[in-house]
Amino acid sequence: MTFKLLIVDDESTMRKGIAEYMNWNLIDCEVAGTASDGLEAIAFLGKHDVDIIITDIRMPEADGLAVAKYVFENCPEKKVILLTGYADFEYAKTAIQYKVSAFILKPTNKKELFEAVQAAQNQLLTSKHTDSITREKTAFLKEQFLLEMTDHPYQPQFAEKLQQYGISLLSYYIAAFRLIPYNEDIRALKKIIIDEKKNAYCYRYNNLIITIYFYNDPEIILKNCNEIEAITRMLDSREISVGISRFHDTPAGFRQAVTEAIRALTLNFYAENNVSFFSEEVNEDCDLTAENSLDLFQFENLLLDWQFQDAETLLRNLFAKFKQNFVNAQDVKTICAQIYYICSRITIKRSSKLNPEIHVADLDAIAKSAPLSAEYLNTIRMANDIFTLEQAVTKMFHALKHSLQDTAGIPGQLAEKAMKYIEENITADLSLEQIADALHISASHLSRTFKKAAGISLTDYINQFRINKAKELLRGTDIYIYAISEMVGYHDATYFSSMFKKLVGVSPSEYRNPEG
């Protein structure tokens, strides 16, 4: 970094010599300004950014001690170096109370002044590093505390920590943000939220960003969420989903508010946009914790992403927690009923892709009309023990898994279907999402399955197929190159030429006429 200096001396020769005839660039410094007395220096400091002040001790109006006193009281992060004559040295030492960085006797030499400035630089860097560590430590402890409040019932001792961290939970909403498609790396999303949120604080909860909005007007929050969604889509080429809790006005309601926000995320399956407010009307009567809601939310997304092994592991872990903590039987049954409705929604979502006549607005009603066998739900409600319940849910999960896999076909067949679609739509703006939608599967499942079967990513295959088709047209026809570009799906001739040369090694015109 470059350190900025202020040179203060009533002798113009000394002031000019230090400011203009010393190569400050050698030690990463630049002169931000000069002043002829203390009052002028203090006025300059009030308006400009300065790191180190080099000031004479004896000056009219206000001396160097006045400058040191002002810095100590108003901007102690800055460093002061005092220049003093031998006769004034004892007087200058009274500035120790103002934590002056160094005292240099006149006449000053370049080496001594450089060493004093470098010592001040080290002090500044050490101080900034310490401040940074302190801020990071405080932020970490604050986030750990909010995680504790998220996962545990409110306790009286929480009030002291809320005050310590400057968090007032007397008027707030909670918003839960997640990336679409699901991704564990959410650092970029968190940075966008931190940069764009207003009167709010956010922290990470597993693969979600939980944001506390200190407002009582939901329209302000909705506007901010839409801004964050638009910025994320522009910068990251992905969308976000947001669930927003009801209004809360007590710290004791914090855990419930987080739970509501996470549960509201599931409503985005039916919403026209990606922001949904929590509503009691679409949830079963169940005192779900934030952890329960997150488990259910992740289970649904794992199914949508065809990550069946991870989904089954999550189910096993969920029942292990039930058994370990002796969770109330009725609460366990209600959670399992939620799992049933999740599986129903997955079935209906797939049916809606295969049958476009099903309207999105009807999906929830259809899901509750037992698209899966109603026997599963009856078994869940009538189960007399946790083992019968676990067996029913596991059986239901495997039935859904096999149904989805049978519909999609084996990896080789799926890759062939994708290749055929690419061939038939070569002139279109093909994308992973578009092809996946046409084949009625998730984009991530198509990406993984295609690469496993074909040994190449879908994007690379599309480019190779298009370039191979272009090679045939270049050698076998007299069609203009820009027209061939359009025919193989590249609507920018310059980009087509660039991609052709990258994959073939020569430009389209050189390939057509190798001998020039």
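The values are calculated or read from the model by the stated rules, or taken from the named source; none is laboratory data. Keep in mind that what you see is a predicted model, and the values were worked out from it rather than measured. Methodologically, a virtual Cβ is constructed for each residue, glycine included, from the backbone with ideal geometry; neighbour enumeration extends over all protein chains shown. All accessible areas refer to the heavy atoms of the entire protein, side chains included, with ligands and DNA or RNA removed. Shrake-Rupley method; radii C 1.70, N 1.55, O 1.52, S 1.80 Å.
Key figures
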item	result
Some residue of the stretch 28-38 being in a loop (DSSP other than H, G, I, E, B) and at negative phi	yes
Hits in the stretch 429-438 (condition: in contact (Cβ under 8 Å) with a residue 24 or more places away in the chain, in a helix (DSSP H, G or I) and buried (at least 17 other Cβ atoms within 10 Å of the Cβ))	432
Residue 142 being among the basic types (Lys, Arg) and more than 12 Å from the chain's Cα centre (by Cα)	yes
Any pair with Cβ under 8 angstrom, 6 or more apart, that starts in the stretch 42-65 at a residue that is over 18 Å from residue 96 (Cα atoms) and ends at one that is open to solvent by less than 20 Å² (accessible area, probe 1.4 Å) and acidic (Asp, Glu)	59/9
Residue within the stretch 130-152 that is among the aromatic types (Phe, Trp, Tyr), part of a loop (DSSP other than H, G, I, E, B) and either at pLDDT 80 or above or open to solvent by 40 Å² or more (accessible area, probe 1.4 Å) (or both) present	no
Residue ID - nearest to the chain's Cα centre (by Cα), chosen from residues in the stretch 25-41 that are open to solvent by less than 60 Å² (accessible area, probe 1.4 Å) and touching a residue at least 60 places away in the same chain (Cβ under 8 Å)	29
Pair list, Cβ < 8 Å and 6+ apart or interchain, from the stretch 228-239 residues that are touching a residue at least 24 places away in the same chain (Cβ under 8 Å) and under 14 Å from residue 431 (Cβ atoms) to residues that are among the hydrophobic types (A, V, I, L, M, F, W, C) and part of a helix (DSSP H, G or I)	none
Residues located in the stretch 409-432, provided they are modelled with pLDDT under 85 and in contact with a helix residue (DSSP H, G or I) (Cβ under 6 Å, 6 or more places away or on another chain)	411, 412, 414, 415, 417
Residue list for the stretch 410-428, restricted to those being farther than 14 Å from residue 465 by Cα and open to solvent by 20 Å² or more (accessible area, probe 1.4 Å)	410, 411, 412, 413, 417
Failed item, numbered, when residue 9 is tested on (1) of a type in the set (D, E, K, R); (2) open to solvent by less than 70 Å² (accessible area, probe 1.4 Å); (3) touching a Phe, Trp or Tyr at 6+ places or on another chain (Cβ under 8 Å)	(3)
Within the stretch 219-229, considering residues that are of a type in the set (A, V, I, L, M) and open to solvent by 40 Å² or more (accessible area, probe 1.4 Å), the one nearest to residue 261 (Cα to Cα)	222
Positions within the stretch 207-220 being more than 12 Å from the chain's Cα centre (by Cα) and farther than 18 Å from residue 167 by Cα, in sequence order	217, 218, 219, 220
Some residue of the stretch 369-383 being part of a helix (DSSP H, G or I), at pLDDT below 70 and surrounded by 12 or more Cβ atoms within 10 Å (Cβ to Cβ)	no
Qualifying residue in the stretch 196-212 (condition: in a helix (DSSP H, G or I), surrounded by fewer than 21 Cβ atoms within 10 Å (Cβ to Cβ) and modelled with pLDDT of 90 or more)	no
Residue in the stretch 479-491 that is without any contact (Cβ under 8 Å) to a residue 12 or more places away in the chain and of a type in the set (Asp, Glu) present	no
Whichever residue in the stretch 230-248 is in contact with a strand residue (DSSP E or B) (Cβ under 7 Å, 6 or more places away or on another chain) and either assigned to a helix (DSSP H, G or I) or open to solvent by 30 Å² or more (accessible area, probe 1.4 Å) (or both) and, among such residues, is nearest to residue 150 (Cα to Cα)	247
Residue identified as loosely packed, with under 14 Cβ neighbours inside 10 Å and not in a helix (DSSP H, G or I) among 112, 61	61
Whichever residue in the stretch 341-368 is modelled with pLDDT under 80, touching a Leu at 6+ places or on another chain (Cβ under 8 Å) and under 30 Å from residue 326 (Cα atoms) and, among such residues, is surrounded by the most Cβ atoms within 10 Å (Cβ to Cβ)	345
Within the stretch 302-317, tally of residues that are modelled with pLDDT of 90 or more and open to solvent by less than 20 Å² (accessible area, probe 1.4 Å)	1
